2 protein chains.
Amino acid sequence: MKQANAALGIVETQYATVTEKLELESGEKLGPVTLAYETYGTLNHDRSNAVLICHALSGDAHVAGYHAGEHKPGWWHDLVGPGRAFDTHKYFIICSNVLGGCRGSTGPGSINPATSEPYGLRFPLITIGDMVKAQQLLIQYLGIGRLRAVVGGSMGGMQALQWLHSASGRVESAILIATAAKHSPQQIAFNEVGRQAIMADHHWQDGNYYGERRPLKGLAVARMVGHITYMSEVSMLEKFGRQQKDDKDPFKFRADFEVEGYLQHRGDSFVKRFDANSYLYITKAMDFFDLTAERPLQEVFRGIGAKLLVIGFRSDWLYPIWQLQEIVRACKIAGVNATYCEIDSTYGHDAFLVEIEQEAHLITHFLKRVSSGYTAGDVYEI
Amino acid sequence: MKQANAALGIVETQYATVTEKLELESGEKLGPVTLAYETYGTLNHDRSNAVLICHALSGDAHVAGYHAGEHKPGWWHDLVGPGRAFDTHKYFIICSNVLGGCRGSTGPGSINPATSEPYGLRFPLITIGDMVKAQQLLIQYLGIGRLRAVVGGSMGGMQALQWLHSASGRVESAILIATAAKHSPQQIAFNEVGRQAIMADHHWQDGNYYGERRPLKGLAVARMVGHITYMSEVSMLEKFGRQQKDDKDPFKFRADFEVEGYLQHRGDSFVKRFDANSYLYITKAMDFFDLTAERPLQEVFRGIGAKLLVIGFRSDWLYPIWQLQEIVRACKIAGVNATYCEIDSTYGHDAFLVEIEQEAHLITHFLKRVSSGYTAGDVYEI
């Protein structure tokens with residue numbers, strides 16, 4: 001695997017800009033819109049081997065390989081490359097930073113052409129539907145009519161679901177991991193606490209902090225809340241227990257326990273690469289996402305020709321398996337070909353980034369069957 | 001019940017001050033120490049009918065009855081009064097605000113006699129052991145040698161456990177509800193996020209905010225995180241679903257969903273009655289509490305004559321039932337008389353404040369058996 005790994009080597013983020021304005025679900029118009037994206041592998045002659053990977057809340061277009069001068073590979077590095085599940089010998093892999101993001105795509109930190117200043121809160125509210133609309137423009141720009149697969153975990157899975165909803169004819173298959181057709185009030189509540197932590201930060205200044213001090217503390221708290229929900233009670237027990245830290249900081253409310261130090265570290269490193277306003281916009285888009293808003297899920301799925309692979313993790317309490325089972329049940333009622341797999345991981349929601357070997361196995365075989373034109377929908381457990 | 005309710009009527013908080021310094025577990029000395037407390041019912045002739053109720057993180061001494069001019073009764077009002085589970089015809093009920101608190105007892109907002117200014121972070125770190133040590137002085141001050149029962153939910157249960165540890169000879173029985181012998185890393189993590197939210201608030205000023213603007217936003221965020229953990233996924237679904245709010249606030253990141261409005265309301269009302277520094281000190285005391293620090297739990301319990309009633313709630317994921325089962329298992333090994341009851345509530349951790357009828361039934365019978373000198377330890381489910 002290490003050998004294959006090296007083969008992917010240095011990758012570069014590219015940028016596509018649509019100058020005409022994008023009409024958003026809200027009716028507002030936004031433009032120009034730039035999407036940052038990366039590709040791996042080669043588009044085949046009949047342009048039929050493209051796979052779109054959609055990232056989660058804090059992810060970006062850099063899904064695999066290394067950026068020049070960096071030692072950390074992309075966020076799903078072990079799944080993408082020659083001989084890997086998303087085999088770059090077979091597939092043309094695309095990943096783009098979402099609309100509203102802060103990693104190269106147009107978002108609240110981008111320059112508003114109307115004012116020549118960063119948008120801040122003048123940026124319009126965006127939806128998962130808008131993110132997918134922008135992705136469709138990118139796919140078109142790349143000359144691709146139909147995707148072999150659209151794939152995503154967590155918010156990435158919402159985008160994949162949205163593709164099935166708004167452009168199912170352009171999608172041959174979808175892989176949905178640790179995701180939901182709509183947020184429960186508990187999921188909304190955790191996002192809301194993150195937003196409140198950001199907006200409570202003195203430096204947030206109603207979102208007008210660009211060029212000034214940024215609301216780093218609030219954003220770090222938001223990220224800390226997130227990390228608790230990404231882990232499971234068991235994985236925390238195994239990783240930290242009640243282990244106390246060695247350092248002798250005399251401050252009374254220092255990180256005494258390893259788990260406190262871990263959260264603080266995760267918060268502090270996150271703020272270096274993420275924009276607080278993007279956090280607000282993207283989490284709101286997640287909370288408003290509701291595939292059942294107009295009609296029951298089985299009606300949304302009815303008539304879809306795409307084949308689905310749905311993966312859930314038993315210890316994931318942020319996106320609990322009942323939410324994935326609901327999707328699969330609706331598929332079954334609608335006669336959609338869906339394979340459901342429940343993985344017995346202890347890693348909680350993080351499992352979708354961690355349980356690479358199990359995911360690789362499932363994804364490899366699913367894509368092989370999709371590519372050969374045959375899949376038998378099935379339910380199994382690991 | 002309403003009739004009996006009226007009978008308790010107006011109650012008043014009282015104050016007891018120990019002028020000699022209290023030696024804390026850390027070795028530091030603190031004094032003078034004042035405890036705010038309330039009592040209900042009458043101490044009998046042989047001073048044998050006293051029951052101490054210990055409050056949770058955000059509670060106070062006002063457990064039942066009404067303060068003059070107020071319409072909201074105490075926090076466990078329906079359990080305390082004539083004919084109720086804590087029957088004021090039979091028992092002399094005591095509840096005191098914890099050391100480190102902000103509701104009349106000495107805490108970080110109290111005046112430091114050395115400086116004539118509020119302590120702020122000069123207040124020493126306190127432990128659950130210190131809280132109980134102060135309670136023991138109060139009990140002594142009231143002329144009571146032995147408690148009929150010590151009772152508490154959540155952090156109140158930790159105090160009851162601590163009584164069993166450090167003064168088991170002074171306790172005839174204990175009622176432990178939705179609590180733990182030590183915090184798991186997940187429990188520590190949630191508390192740490194609350195602390196970080198407070199300390200991230202610009203107005204916190206290293207704890208020196210008394211007389212200035214207080215860190216209300218940070219404290220509200222801490223409380224919001226808390227409230228998510230107090231409810232269950234199911235109780236949130238039942239209470240809020242994805243119900244959206246009616247008001248048309250044009251602000252983009254307003255509370256769109258009912259659950260967001262609820263959390264904001266809870267946060268905002270909490271900051272009116274609670275001190276941010278107390279939140280820091282008390283949560284640290286909870287996180288450091290570890291009854292197993294010196295020896296296994298069964299060894300801690302060995303030889304204890306007190307009878308125990310242990311109550312857990314199945315949907316409580318903040319203090320999951322395995323933590324209560326661990327306590328009961330240790331009791332059984334140590335030969336301690338313990339009755340365990342698991343209540344099938346959907347209210348999550350809040351159940352200990354909500355499932356009054358079920359608790360009343362269990363507590364009434366347990367106290368009756370304790371008072372008659374007979375209890376048969378047992379395990380049952382509701």
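Every number here is computed from the coordinates shown, using simple stated rules; none is lab data. Keep in mind the model is a prediction, meaning the values are calculated, not measured. Here the Cβ is made from the backbone with ideal geometry for all residues, glycine too, and neighbour counts use every protein chain on show.
Taking amide hydrogens as modeled 1.01 Å from N in the peptide plane, which residues meet the under 5 Å criterion relative to B:Gly107, leaving out close sequence neighbours?
Under 5 Å from the amide H of B:Gly107 lie the amide H atoms of B:Gly100, each far enough along the sequence or on another chain.
Return the average number of partner chain Cβ atoms within 10 angstrom of each residue Cβ along peptide B:232-241.
Partner Cβ neighbours, averaged per residue: 3.
Going by amide H atoms built from the backbone, whose H comes under 5 Å of the H on A:Lys307, apart from near neighbours?
A:Ser173, A:Ala174
Quick one: Karplus J couplings for region A:303-316, per residue in order, coefficients 6.51, -1.76, 1.60, θ = phi - 60°, nearest Hz, x for Gly and Pro?
Going residue by residue, I get x, 6, x, 5, 9, 10, 10, 10, 10, x, 10, 4, 8, 6 Hz, with x marking Gly and Pro.
Output wanted: per-residue J couplings in Hz (rounded whole) for region A:317-329, from phi through Karplus 6.51 cos²θ - 1.76 cosθ + 1.60, θ = phi - 60°, x for Gly and Pro.
In residue order, the calculated couplings are 9, 7, 10, x, 4, 4, 6, 6, 4, 4, 5, 5, 4 Hz.
If the only charges are +1 at each Lys and Arg Cβ and -1 at each Asp and Glu Cβ, what is the size of the charge dipole of region B:187-286 around the Cα centre, to the nearest 20 debye?
140
Taking each residue of B:256-264 in turn, how many C-beta atoms of other protein chains fall within 10 Å of its C-beta, and what is the average?
5
Kindly rank A:31-38, B:159-166 from highest to lowest mean number of other beta carbons found within 10 Å of each residue.
B:159-166, A:31-38
Could you list B:Ser278, B:Ser58 in order of exposure, starting from the residue whose Cβ has the fewest other Cβ atoms within 10 Å?
Least crowded to most crowded, the residues run B:Ser58, B:Ser278.
Per 10 Å bin, what is the whole-percent P(r) computed from every C-alpha pair distance within chain A?
Distribution as computed: 5, 23, 34, 26, 10, 2, 0 percent.
Above 43 angstrom, tally the Cα pairs of the protein assembly as shown and express them as a % of all pairs, no decimals.
Taking all Cα-Cα pairs of the protein assembly as shown, the fraction more than 43 Å apart is 34 percent.
What's the local net charge at B:Ile304, with K and R +1, D and E -1, over the other residues with C-beta under 13 Å away? Please list the in-between numbers first.
Numbers: positive: B:Arg170, B:Arg302, B:Lys307, B:Lys332; negative: B:Glu172, B:Glu299.
The answer is +2.
Treating the beta-carbon of each Lys and Arg as +1 and of each Asp and Glu as -1, no other charges, what is the dipole magnitude of the protein assembly as shown about its Cα centre, to the nearest 20 debye? Numbers along the way, then the final one.
Values: 74 positive and 84 negative charges, 9 e Å.
The dipole of the protein assembly as shown has a size of about 40 debye.
For chain B, what does -39500 (n - 2.57) per DSSP helix run (n ≥ 4), summed and divided by total residues, give at 222 nm, in deg cm²/dmol to the nearest 500?
-11000 deg cm²/dmol
Region B:185-237: which trypsin sites (Lys or Arg not before Pro) are DSSP loop and have at most 12 other beta-carbon atoms within 10 angstrom? Before the final figure, lay out the partial values.
On the way: sites: B:Arg195, B:Arg213, B:Lys217, B:Arg223; in loops: B:Arg213.
Hits after loop and neighbour filter: B:Arg213.
To the nearest 20 debye, what is the magnitude of the charge dipole of chain B about its Cα centre, counting +1 on the Cβ of each Lys and Arg and -1 on the Cβ of each Asp and Glu?
So the magnitude is around 480 debye.
Could you please state, rounded to a whole Å, how far the C-alpha centre of region A:167-191 is from the C-alpha centre of region B:136-194?
When both Cα centres are located, 44 Å separates them.
Need one number: % antiparallel among DSSP beta bridges in the protein assembly as shown, to the nearest 5.
Around 35 percent antiparallel, to the nearest 5.
Once the dipole of region A:187-286 is set up with Lys and Arg at +1 and Asp and Glu at -1 on Cβ about the Cα centre, which of A:His203, A:Phe251, A:Ser269 lies farthest towards its positive end?
The residue sitting farthest along the positive end of the dipole is A:His203.
What residues have an amide H closer than 5 Å to that of A:Val33, excluding those fewer than 5 places away on the same chain, when H is modeled at 1.01 Å from N in the peptide plane?
Amide H to amide H, under 5 Å and 5 or more residues apart or across chains, A:Val33 pairs with A:Val18.
Percent of Cα-Cα pairs per 10 Å bin, from 0 to the last occupied bin, for region A:187-286, please list those.
That works out to 15, 41, 31, 12, 1, in percent per bin.
If we sort A:169-182, A:115-128, B:117-130 on the protection proxy, mean other Cβ atoms within 10 Å, highest first, what's the order? Numbers along the way, then the final one.
Numbers: A:169-182: 23.8, A:115-128: 18.3, B:117-130: 20.1.
So the peptides A:169-182, A:115-128, B:117-130, ranked by packing, come out A:169-182, B:117-130, A:115-128.
Please list the radius of gyration and Dmax for region A:95-249, considering alpha-carbon atoms only, with Å as the unit.
Considering region A:95-249 through its Cα atoms, Rg and Dmax are 19.1, 61 Å.
How much FRET efficiency would the formula 1/(1 + (r/R0)^6) give for A:Lys29 and B:His71, where r is the Cβ-Cβ distance and R0 is 56 Å, rounded to 0.05?
Approximately 0.60, to the nearest 0.05.
Averaged over its residues, how many other protein chain Cβ atoms are within 10 Å of peptide B:219-226's Cβ atoms?
Numbers: counts 1, 3, 13, 3, 1, 7, 10, 1.
Other-chain Cβ atoms within 10 Å of each residue's Cβ, averaged: 5.
Excluding B:Tyr209 itself, what net charge comes from residues whose Cβ is under 11 Å from its Cβ, given Lys and Arg +1 and Asp and Glu -1?
Overall, the nearby charge balance is -2.
What residue among B:Leu291, B:His349, B:Gly303 has its Cα farthest toward the positive end of the dipole of region B:291-358, where the charges are +1 on Lys, Arg and -1 on Asp, Glu, each on the Cβ?
Going by the charge dipole, the pick is B:Gly303.
R0 = 51 Å: FRET efficiency of B:Glu299 with B:Glu117, Cβ-based, nearest 0.05?
Details: r = 44 Å, r/R0 = 0.87.
Efficiency computed from Cβ-Cβ geometry: 0.70.
What FRET efficiency do you get for A:Tyr15 and A:His89 if R0 is 41 Å and r is their Cβ-Cβ distance, rounded to the nearest 0.05?
0.95
Enter the Cα centre distance for the pair region A:88-135 and region B:218-238, rounded to the nearest angstrom.
Here the two parts' Cα centres lie 31 Å apart.
When Lys and Arg each count +1 and Asp and Glu each count -1, what net charge do the other residues less than 12 Å away from A:Ala189, Cβ to Cβ, add up to?
Around A:Ala189, the surrounding residues sum to -1.
Output wanted: per-residue J couplings in Hz (rounded whole) for region A:205-215, from phi through Karplus 6.51 cos²θ - 1.76 cosθ + 1.60, θ = phi - 60°, x for Gly and Pro.
After applying 6.51 cos²θ - 1.76 cosθ + 1.60, I find 6, 6, x, 9, 10, 5, x, 10, 5, 8, x Hz.
Taking 1 over the mean of 1/r across every pair of different Cα atoms in region B:175-223, what Kirkwood radius in Å do you get? Don't skip to the end; give the middle numbers.
Details: mean 1/r = 0.0820 Å⁻¹.
Final number for the Kirkwood radius of region B:175-223 is 12.2 Å.
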